[in-house]
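The values are calculated or read from the model by the stated rules, or taken from the named source; none is laboratory data. Treat the numbers as computed from the prediction; the structure is a model and nothing was measured. Positions of Cβ are generated from backbone atoms using ideal geometry, with glycine treated the same way; all protein chains shown enter the neighbour counts.
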Protein chains: 2
Amino acid sequence: MRKLITNGWILTMDDNNHEYQHGDILIEDNKITYVGEKKEHDKLDEIIDADNCLVIPGMVNTHCHVPMVPFRTLGDDCPDRLRRFLFPLENACMNGKLAFAASCYGMGEMLLAGITTFADMYYFMDDLANAAQKMGIRALLGETVINQKSCDAANDCEGLAIGESFIARWQNHELVRPILALHGTNTNRPEIFQKAMEIVKKYDTLLMSHVAEMDYEMTYFADNFGKTPVAWLNDLGCLNEHLLAVHCIHLNDEDIALMAKNKVKVSHCIASNLKAGKGIAPVKDMIKAGIDVGLGTDGASSGNTLDLFISMRMFAGAQKTKYHDRSLFPAKDIVKIATMGGAKALKMDKEIGSLEVGKKADIVVVSLDAAHMFPCHDPYSLLVYSANSSDVKHVFVSGKQVVNNHMLNVSLTQLRKDLQEQMGDFNIKAKELAEKIG
Amino acid sequence: MRKLITNGWILTMDDNNHEYQHGDILIEDNKITYVGEKKEHDKLDEIIDADNCLVIPGMVNTHCHVPMVPFRTLGDDCPDRLRRFLFPLENACMNGKLAFAASCYGMGEMLLAGITTFADMYYFMDDLANAAQKMGIRALLGETVINQKSCDAANDCEGLAIGESFIARWQNHELVRPILALHGTNTNRPEIFQKAMEIVKKYDTLLMSHVAEMDYEMTYFADNFGKTPVAWLNDLGCLNEHLLAVHCIHLNDEDIALMAKNKVKVSHCIASNLKAGKGIAPVKDMIKAGIDVGLGTDGASSGNTLDLFISMRMFAGAQKTKYHDRSLFPAKDIVKIATMGGAKALKMDKEIGSLEVGKKADIVVVSLDAAHMFPCHDPYSLLVYSANSSDVKHVFVSGKQVVNNHMLNVSLTQLRKDLQEQMGDFNIKAKELAEKIG
């Protein structure tokens with residue numbers, strides 16, 4: 001199949017940030033085979049007119065819990081919500097069928113918002129992998145390991161075995177890449193971190209973990225070990241290029257230097273961090289030190305949308321405010337972080353993250369038709385400060401069009417119906433729990 | 001005309017936050033005459049089905065420079081942008097025809113985003129008033145007074161006379177309410193502030209001014225007067241219920257106490273403040289002290305959209321982060337600030353800001369159809385954390401429907417064409433200036 005996207009304002013996000021104001025992108029099967037000025041092309045099967053549109057690489061969501069869509073709008077303002085509300089409700093209600101239905105829905109939400117790749121930490125990963133194949137989204141999926149019973153593991157840390165067998169089973173898929181996920185530094189024992197690291201090294205994949213996110217996590221490490229979580233990970237031999245450290249809000253200069261030296265990757269989830277009032281991660285300093293940082297939406301109970309436009313805008317405001325410097329992170333740099341930054345954080349920058357010949361055809365066409373998308377003196381500024389998910393017009397993943405004129409290939413109404421059906425008495429249990437904890 | 005909005009989940013935002021999950025709102029001419037449970041109604045001219053929608057009061061944008069749409073995406077990251085970039089470009093390019101075309105466009109953008117009332121500080125106010133009447137939006141319009149030549153005044157502070165004659169000319173209109181605007185505390189002399197205050201008292205209207213926004217403003221007042229801008233205004237006799245103070249980022253406890261005691265109104269423009277890295281206003285403390293605070297988008301060169309959904313989301317994140325408290329400002333309180341809070345800040349809370357019998361029929365119907373708008377355990381949370389302007393389905397101002405099924409009454413394409421035509425060589429001059437200042 002040879003598809004041409006023509007007439008769009010192409011922002012390649014390659015190393016030189018090449019742009020083509022009325023350019024062409026040729027897709028052959030799952031790859032990009034031409035990016036540049038408009039020209040003649042032979043034997044085209046399909047032509048997509050991107051007039052009055054921006055054409056960008058698919059955005060990369062480096063951290064999500066996609067099956068948590070049913071939790072959206074629950075307990076937003078509840079202190080210590082994770083332990084008092086989310087864990088109990090999850091253990092009471094989550095199952096494979098609900099995870100599948102919620103994942104299909106959440107993946108649809110991501111595609112409609114121009115996210116073509118995401119990395120996820122959750123349970124029932126086979127169901128997520130099947131959902132990713134159904135929806136046509138690129139997914140890095142990691143079973144969660146945690147030192148307590150979970151919704152898919154009867155025993156403490158059983159996720160380690162479940163996760164390894166998932167990794168073994170899903171090698172070499174076009175869309176699905178298995179990873180492993182440890183819930184967090186204070187929710188796993190040292191030897192579990194070390195075993196998990198052995199597994200991801202064996203399969204040359206990623207270990208995702210929440211790191212330096214919670215106030216109580218920082219206090220716990222200070223009180224019990226006299227060190228930061230990052231220094232603790234370093235002492236365990238777990239600070240290396242396989243680690244995708246999520247949040248990293250509370251870092252000191254030594255942490256940042258250690259992470260940079262050891263090539264740790266970082267997922268920064270600003271919408272989630274701001275909503276929880278946790279603080280603003282020192283991303284300027286991380287990037288200055290040479291750390292690869294990508295953006296993450298976090299789950300729909302945290303973020304609350306699976307949408308990186310919102311994250312880009314919040315990232316700009318949060319960093320400029322934290323460092324009291326309006327000139328920090330021009331919009332172009334932020335679009336770069338949401339695309340190539342994410343690809344680098346997921347160690348996939350040879351395959352995705354920019355519009356270049358030989359890369360996977362993960363492409364997003366953003367319409368400039370809406371009121372807020374004019375004028376366009378600076379297309380990056382529109383993407384960061386003005387665009388909504390509703391401006392995403394077409395989306396391609398591995399060359400396949402999965403959003404066409406703002407619509408998914410599958411009916412969103414049907415996805416919602418399926419999800420509602422699987423939610424069963426989720427709403428009732430959520431309400432009971434909310435009333436119980438006040 | 002008797003119009004019924006039926007089947008919607010009505011969030012009245014009245015003093016008791018009454019809700020009706022499948023309720024009715026009856027509009028007669030420009031007023032609301034029934035809000036409550038579904039019932040039979042006689043002689044209806046029109047029925048609007050709001051099934052699977054939220055119905056909320058029109059949002060109130062307490063600060064804008066609506067004709068600045070052409071400046072959107074220009075110089076976002078430019079230090080000292082106001083003096084180095086915006087003033088020179090404005091003085092070179094802005095005229096009445098451009099102000100009219102840009103205002104029609106920007107008012108359309110606001111209506112499409114569910115804003116039914118806005119307060120503006122700019123020039124060429126007759127053109128803005130005509131635009132508001134054309135577009136059907138409620139507008140509080142204040143001519144800008146500034147101690148330098150401006151695009152509509154050849155002389156320093158001539159805006160005072162222009163502004164007073166505008167106020168006199170536009171008394172008693174259904175949609176347009178004339179106010180007066182002083183550019184800022186450090187861009188006007190003391191006696192000008194006092195004269196302006198006399199004028200607004202005479203006409204019982206508002207005086208809008210930027211206050212405590214800039215670092216250099218704070219330094220200027222500390223160095224020259226040994227006091228804060230708020231204390232300076234107090235000493236001038238200008239701190240009273242007629243003052244709508246915009247931004248108020250840099251306030252100390254005495255400032256807040258003075259403002260509360262004197263019933264000063266505040267417009268908080270978080271999207272603009274974050275993008276400029278200026279800081280986060282102490283809104284929690286202002287509200288605790290009893291100050292009426294509303295949200296403002298600021299102009300499209302600052303905000304960068306004329307959309308209060310973005311502002312609500314940023315407000316939540318910024319306040320929770322500033323005070324390091326996730327439980328601060330539950331979503332319901334934020335929707336209240338964007339509606340009744342704005343109405344109170346503009347001293348219009350007897351007429352607008354909530355869905356109550358006798359108030360103006362300024363009503364917004366927000367669709368729950370989009371992927372990010374499900375599930376709805378908490379409708380306020382969806383409005384604050386998930387909704388985009390694209391979810392706004394219907395909008396009524398003074399009973400007249402101005403947005404119908406996501407479309408304006410006038411063609412957005414035509415508004416854009418008209419604006420492009422009036423922009424003339426704006427783009428070229430902007431580019432030249434940008435290159436000149438680097």
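Things worth noting here:
- Within segment B:95-123, tally of residues that are over 30 Å from B:Met312 (Cβ atoms) and surrounded by 22 or more Cβ atoms within 10 Å (Cβ to Cβ): 1
- Per-region count, segment A:324-360, residues within 26 Å of A:Leu4 (Cα to Cα) and within 14 Å of chain B (Cβ to nearest Cβ): 2
- Applying a threshold of 9 Å to beta carbon distances and a minimum spacing of six or more residues, or different chains, the list of pairs starting in segment B:177-193 at a residue that is among the acidic types (Asp, Glu) and ending at one that is outside any strand (DSSP E or B) reads B:Glu191/B:Leu236.
- Selection within segment B:378-397 - more than 9 Å from every other protein chain (Cβ to nearest Cβ) and either without any contact (Cβ under 8 Å) to a residue 12 or more places away in the chain or in contact with a Gly (Cβ under 8 Å, 6 or more places away or on another chain) (or both): B:Val392, B:Val395, B:Phe396, B:Val397
- Some residue of segment B:244-262 being surrounded by fewer than 18 Cβ atoms within 10 Å (Cβ to Cβ), assigned to a loop (DSSP other than H, G, I, E, B) and not polar (S, T, N, Q): no
- When residues in segment A:23-44 are screened for being in contact with an Asp or Glu (Cβ under 8 Å, 6 or more places away or on another chain) and assigned to a strand (DSSP E or B), 7 of them pass.
- Scanning segment B:271-288 for residues that are touching a strand residue (DSSP E or B) at 6+ places or on another chain (Cβ under 7 Å) and not small (Gly, Ala, Ser) gives B:Asn273, B:Val283, B:Met286, B:Ile287.
- Matching strands (runs of 3 or more DSSP E) fully within segment A:45-125 where at least 1 residues are over 20 Å from the mean Cα position of the chain (by Cα) and within 14 Å of chain B (Cβ to nearest Cβ): A:53-57
- Among residues of segment A:271-299 being more than 8 Å from chain B (Cβ to nearest Cβ) and of a type in the set (A, V, I, L, M), the one that is nearest to A:Leu111 (Cα to Cα) is A:Leu295.
- Output for segment B:221-243, where each listed residue is in a helix (DSSP H, G or I) and under 29 Å from the mean Cα position of the chain (by Cα): B:Phe221, B:Pro229, B:Val230, B:Ala231, B:Trp232, B:Leu233, B:Asn234, B:Asp235
- In this structure, B:Tyr323 does not qualify as touching a residue at least 24 places away in the same chain (Cβ under 8 Å) and under 26 Å from B:Ile27 (Cβ atoms).
- 2 or more residues outside the structural domain of A:Val283 (by TED's automatic domain parsing) and basic (Lys, Arg): qualifying helices (runs of 4 or more DSSP H) within segment A:330-438: A:412-423, A:426-437
- B:Met314 vs. criteria crowded, with 20+ Cβ neighbours inside 10 Å, closer than 30 Å to B:Arg177 by Cα and in contact with a helix residue (DSSP H, G or I) (Cβ under 9 Å, 6 or more places away or on another chain): yes
- Test set (1) modelled with pLDDT under 95; (2) touching a helix residue (DSSP H, G or I) at 6+ places or on another chain (Cβ under 6 Å); (3) surrounded by fewer than 21 Cβ atoms within 10 Å (Cβ to Cβ) - A:Thr185 fails condition number: (3)
- Residues of segment B:364-401 satisfying the condition of being out of contact with any Ser or Thr (no Cβ under 8 Å at 6 or more places or on another chain) and β-branched (Val, Ile, Thr): B:Val365, B:Val366, B:Val384
- Residues being closer than 20 Å to A:Pro79 by Cβ and part of a loop (DSSP other than H, G, I, E, B) - total across segment A:192-220: 3
- Count - residues of segment B:360-372 that are crowded, with 22+ Cβ neighbours inside 10 Å and either within 13 Å of B:Ser398 (Cα to Cα) or under 23 Å from the mean Cα position of the chain (by Cα) (or both): 7
- Lone unmet requirement of (1) touching a residue at least 24 places away in the same chain (Cβ under 8 Å); (2) buried (at least 21 other Cβ atoms within 10 Å of the Cβ) for B:Pro375: (1)
- Neighbours by Cβ (under 7 Å, 6+ apart or cross-chain): first from segment A:238-256, not assigned by TED's automatic domain parsing to the domain that holds A:Thr297; second among the aliphatic types (A, V, I, L, M): none
- Members of segment B:406-438 that are farther than 28 Å from B:Val395 by Cα, of a type in the set (Lys, Arg) and within 12 Å of chain A (Cβ to nearest Cβ): B:Lys429, B:Lys431
- Criterion (outside the structural domain of A:Leu128 (by TED's automatic domain parsing) and either at pLDDT 95 or above or among the β-branched types (Val, Ile, Thr) (or both)) met by exactly one of A:Met68, A:Met13: A:Met13
- Filtering segment B:301-323 to residues that are among the hydroxyl-bearing types (Ser, Thr, Tyr), at the interface with another protein chain (Cβ under 7 Å from one of its Cβ atoms) and assigned to a helix (DSSP H, G or I) leaves only B:Thr321.
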